[in-house]
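Novice: Can you read through this structure? Questions will come right after.
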Amino acid sequence: MLPLRFTSRLALAALLSTAVPFSTSSAEVRLGQDVVPTSQSVHLRLDADEVGYRGSVQFELQVRKPTQTIQLHAESMTFTSAALTQKGREIPVDSKQGEHGLLTLTLAKPVSVGPAKLEIAFNQEFNTQAVSLYRVEVGGKGYAFAQFEPDDAREAFPCWDEPIFKIPFRITLEVPERHRAVSNSPVASDAVKDGWRTVVFKKTPPTSTYLLTVATGPFEFTPIPGLSAPGRIVTVEGQSALAGPAATMAAPLLAGCEKYFGRPYPYEKLDLIAVPEYWAGAMENPGAITYRDNILLIDPKAASPAQKRNLARIHAHEFAHMWFGDLVTMVWWDDLWLNESFADWMGDKITDQVYPEFQLRLAELQNVQNIMEQDALLSTAAIQRPVESAETALDDVQIAYNKGKAVLSMFESWIGPETFRKGVNAYLKAHEWRNAVSADLWRALGQASGQDVASALEGFIAQPGLPLVKVEPLDGGEVRLSQQRFAGHGITAPPLTWKIPVGIKYWDGAKVRTTRVLLGENSMTVKLEGSAPSTWVMPNSGAIGYYRWSVPHEMLLEVAKQSSSVLDPDERIALLGNLGALLDAGQVSGDHYLRLLAEFANDPEPQVVSSLIAGLGKVRGAFVPDAQLETFAPYVRRVLGPAAQRFGLEPKPGESEAIGIVRPLLMTWLGYYGRDQSTLRAAERLAKAYLADPSSVEPGVAGAALQLSAIRGDRALFDEYRRRFEASKVPAERLRYLLALGKFDDPALERQALTYALEGPVRAQEVFQIVTSVSAKSERSQNLAFAFQRENFDRVKGKLPPAYWPFLVNAAGGCSLERLELGRTFYLAPEHKVEGTQRQYDQLRDAVQSCASLREREGAKVTAYLGSLVGAR
């Protein structure tokens with residue numbers, strides 16, 4: 001699964017999905033192994049224009065131990081019959097539903113060892129919050145979709161809803177004749193009678209319930225050429241014209257995965273389904289991947305570079321899951337991190353191979369820097385942790401994605417890419433169509449490499465936080481490396497030790513050299529070869545290390561000044577992230593941090609400029625309350641002006657895709673925080689042109705222009721954006737207008753945008769987007785959104801998918817201890833708290849306190865430095 005990346009730094013994705021209020025009491029009861037399913041048939045009669053449906057399931061069981069009770073899962077449904085038969089005899093059944101969707105069947109007499117059959121018929125209502133089996137309406141027509149990860153299959157139909165129960169499924173769907181039906185496997189038969197279409201799907205290979213899916217409605221289909229198996233893009237009515245780019249990009253990315261894994265795609269067909277209302281980004285259901293429609297569907301005449309890169313990234317991520325997660329599946333949710341880390345790591349690798357022009361690895365390095373900042377908080381957790389309940393399986397999943405894939409990259413480099421690939425493929429071969437645990441992969445990597453991979457990985461996977469590698473120059477061309485747990489200034493974290501693959505890049509007086517060592521103790525001495533003592537050392541060669549680092553101040557300044565000539569782009573991105581970490585740790589002062597950022601103003605690499613903007617975001621959040629925005633603006637113009645001069649605010653023939661991706665961000669920052677009048681005028685001109693003819697403006701620039709033009713916009717422009725949003729049939733265009741509605745500076749229009757999020761025709765996942773769009777602009781706007789959310793808590797919560805509920809507390813984020821306290825008293829109150837809120841609050845508390853401490857410690861220096869730039873050339 002690929003959850004969306006939320007705007008808030010801490011709302012990164014503890015994504016919990018259930019259709020009812022979260023349980024806050026007991027741990028989930030794991031199903032036993034006395035009676036297990038060996039296969040399951042599911043028959044559903046679905047009309048997505050109705051509120052409910054009916055169905056039946058049939059299990060082939062294997063009784064391993066005589067018992068009078070059988071436990072499985074079924075949540076919030078009404079049973080119309082239940083029967084268990086063994087050796088031709090029916091045994092009466094009594095049922096009781098419990099917490100976490102647990103269904104206990106009590107038999108009139110015990111079943112004996114051997115096969116048995118269980119049949120259950122039931123009635124159920126469609127979910128309406130984009131989880132389980134749910135219905136949505138598009139263009140006045142009903143559609144049904146499914147999202148079962150982690151534990152929502154149990155609300156759709158009775159099942160053994162744990163990953164360990166990996167069995168074949170036979171799905172049969174009855175739908176109105178005018179509808180079509182899609183599931184994981186190919187259609188075996190399709191018959192129409194009395195106005196109903198009965199679609200029987202071929203039996204699936206062994207599959208866990210969270211990977212099953214169904215979709216019904218008046219769909220349109222677009223073939224995907226060039227795949228090794230039949231494939232289609234599935235869209236709601238009227239949207240197939242937007243399927244072209246997704247179809248074109250799919251085949252080479254899937255082929256890249258097949259080449260890496262050394263085997264063909266393992267399923268019989270591949271449907272890619274565009275879902276208009278969807279809380280996740282995408283989900284790796286084998287043979288039937290679901291995507292949010294604004295990711296999968298792109299107007300082929302107006303596709304921005306950022307849209308294409310995002311689509312390629314998500315395609316590759318989900319395709320990698322077909323082997324890693326689907327062909328071989330985790331035993332339980334404590335290994336979910338490995339599924340997601342590997343898929344994200346693999347997806348980046350394949351995307352960079354197929355579409356190098358997108359520079360995806362450079363872009364994702366910034367996400368790794370962001371997650372390292374979160375991982376430095378005391379409230380962080382290990383990426384492999386005990387999971388007591390599937391409801392909490394997705395807590396901290398974004399750390400799993402970005403920390404996990406960074407760690408995998410580091411260890412791939414340590415043992416060698418081809419050796420790493422050999423170990424991965426041995427693991428898949430040994431466990432195909434079955435379940436496995438992470439230790440099985442470490443064993444395969446160890447056998448392939450002859451290295452003790454497991455013990456080295458343990459420090460990064462089973463421990464929270466990350467190390468700080470300190471470099472101390474010694475006489476004779478030597479350096480001492482030492483390690484400790486990285487933490488913010490004034491914070492004492494429990495001591496930990498790692499085995500760290502350290503790459504050292506340095507200048508020996510004649511040329512740049514690199515060397516690699518494994519730092520497994522508290523400290524070690526390393527001899528640097530060369531003709532003279534090093535004038536600078538950068539101890540993260542290739543930017544593959546998941547650690548922070550420090551060098552003497554003079555070396556740090558020298559590296560920053562020479563960065564564009566002596567460091568690769570990925571190393572410069574890592575350097576920028578590391579400078580921010582040293583600021584947090586009190587090793588770099590606030591004014592010095594701003595001077596170091598300015599050293600990157602002339603960097604020629606677009607993605608480094610994007611990371612420079614991330615550094616500016618850190619400055620704004622910590623040191624620039626609304627009263628300081630005017631003094632911040634000249635600094636923004638000074639730092640970003642050179643990039644705007646190089647790249648321009650409008651596309652140029654032959655420019656790189658990377659420039660097209662960074663330009664909207666550059667334009668937004670210069671316009672909003674730089675208050676650059678030429679940028680604002682250009683944005684207003686482009687927005688006017690886009691409203692007159694969307695094809696006249698590059699799509700990426702169009703979104704930025706619409707948002708910037710809203711700054712000085714009036715009610716007439718607000719109403720026009722709202723009208724365009726409601727009329728749009730193109731998902732990406734719809735999102736552009738939605739986000740622009742939140743960017744008006746007029747407080748009355750800000751309040752109207754927030755009200756519109758609740759009262760307008762806004763889909764479930766869009767509520768969060770418009771509220772975040774408002775709150776992200778300034779402290780005043782954040783306070784407005786925070787107050788609005790508290791005043792309308794029940795309405796906001798009722799509109800959002802349950803996956804988003806824990807994130808509501810993040811409205812109290814930022815740098816204000818007063819707002820944090822208001823958030824604590826409100827969101828942790830019993831009437832507002834849901835499962836996951838405490839975890840989100842703990843992270844939020846640490847981040848806000850860290851920001852407030854940084855502002856108090858360094859704010860005066862930053863204010864003085866910014867003040868010195870006002871009026872300066």
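The values are calculated or read from the model by the stated rules, or taken from the named source; none is laboratory data. Note that the coordinates shown come from a computational prediction; the quantities given were computed from them, not determined experimentally. Glycine also receives a Cβ, built like all others from the backbone with ideal geometry; neighbour counts cover every protein chain displayed. SASA here: full protein model, heavy atoms, side chains in, ligands and nucleic acids out. Shrake-Rupley method; radii C 1.70, N 1.55, O 1.52, S 1.80 Å.
Novice: Could we say that Val471 is open to solvent by less than 60 Å² (accessible area, probe 1.4 Å) and either charged (D, E, K, R) or over 31 Å from the mean Cα position of the chain (by Cα) (or both) here?
Specialist: The answer is yes for Val471.
Novice: Applying the selection to the range 607-646, what residues are of a type outside the set (Gly, Ala, Ser), over 14 Å from Ser778 (Cα atoms) and either open to solvent by 10 Å² or more (accessible area, probe 1.4 Å) or in a loop (DSSP other than H, G, I, E, B) (or both)?
Specialist: Hits for the range 607-646 are Gln607, Thr631, Pro634, Arg637, Arg638, Pro642, Gln645, Arg646.
Novice: Only helices (runs of 4 or more DSSP H) wholly contained in the range 769-852 count here; list those with 2 or more residues that are within 26 Å of Gly490 (Cα to Cα) and of a type outside the set (A, V, I, L, M).
Specialist: 817-827
Novice: Right, something else. Return a yes/no flag: does the range 707-729 have any residue that is surrounded by fewer than 24 Cβ atoms within 10 Å (Cβ to Cβ) and in contact (Cβ under 8 Å) with a residue 60 or more places away in the chain.
Specialist: yes
Novice: Hey, can you tell me all the residues within the range 183-232 that are aliphatic (A, V, I, L, M), within 22 Å of Tyr134 (Cβ to Cβ) and either in contact with a Phe, Trp or Tyr (Cβ under 7 Å, 6 or more places away or on another chain) or open to solvent by 40 Å² or more (accessible area, probe 1.4 Å) (or both)?
Specialist: Leu212, Ala215
Novice: Still on this structure: Name the residue, out of Met372, Met346, that is at pLDDT 95 or above, in a helix (DSSP H, G or I) and closer than 30 Å to Val848 by Cα.
Specialist: Of the residues listed, the single one that is at pLDDT 95 or above, in a helix (DSSP H, G or I) and closer than 30 Å to Val848 by Cα is Met372.
Novice: Okay, moving on. Could you grab me the full set of residues in the range 551-583 that are open to solvent by 30 Å² or more (accessible area, probe 1.4 Å) and assigned to a helix (DSSP H, G or I)?
Specialist: Scanning the range 551-583 gives His553, Glu554, Leu557, Glu558, Lys561, Gln562, Ser564, Ser565, Pro569.
Novice: For the range 259-311, which fully contained strands (runs of 3 or more DSSP E) count at least 1 residues that are aromatic (Phe, Trp, Tyr)?
Specialist: Answer list for the range 259-311: 288-292.
Novice: Can we say Phe169 is within 17 Å of Ala288 (Cα to Cα), more than 28 Å from the chain's Cα centre (by Cα) and open to solvent by less than 10 Å² (accessible area, probe 1.4 Å)?
Specialist: The answer is yes for Phe169.
Novice: Let me ask something else about it. Here are some residues: Gly530, Gly590, Gly542. Which one is farther than 28 Å from Lys405 by Cβ, at pLDDT 95 or above and surrounded by 15 or more Cβ atoms within 10 Å (Cβ to Cβ)?
Specialist: After applying the criteria, what remains is Gly590.
Novice: When both residues are 6+ apart or on different chains and their Cβ atoms are under 9 Å apart, which pairs have a first residue that lies in the range 684-699 and is under 22 Å from Val662 (Cβ atoms) and assigned to a helix (DSSP H, G or I), and a second that is open to solvent by 60 Å² or more (accessible area, probe 1.4 Å) and among the small types (Gly, Ala, Ser)?
Specialist: From residues that are under 22 Å from Val662 (Cβ atoms) and assigned to a helix (DSSP H, G or I), the pairs are Leu686/Ser696; Ala689/Ser696; Tyr690/Ser696.
Novice: Could you say which residue among Ile233, Ile171, Ile164 is within 17 Å of Val275 (Cβ to Cβ) and either of a type in the set (A, V, I, L, M) or in a strand (DSSP E or B) (or both)?
Specialist: Unique residue meeting the criteria: Ile233.
Novice: Quick one: Lys96 ticks every box in (1) in contact (Cβ under 8 Å) with a residue 24 or more places away in the chain; (2) assigned to a strand (DSSP E or B); (3) not acidic (Asp, Glu) except a single one, so which number is it?
Specialist: (1)
Novice: I'd like the full set of residues that are closer than 25 Å to Val397 by Cα and among the aliphatic types (A, V, I, L, M), limited to the range 812-828.
Specialist: Ala812, Leu820, Leu828
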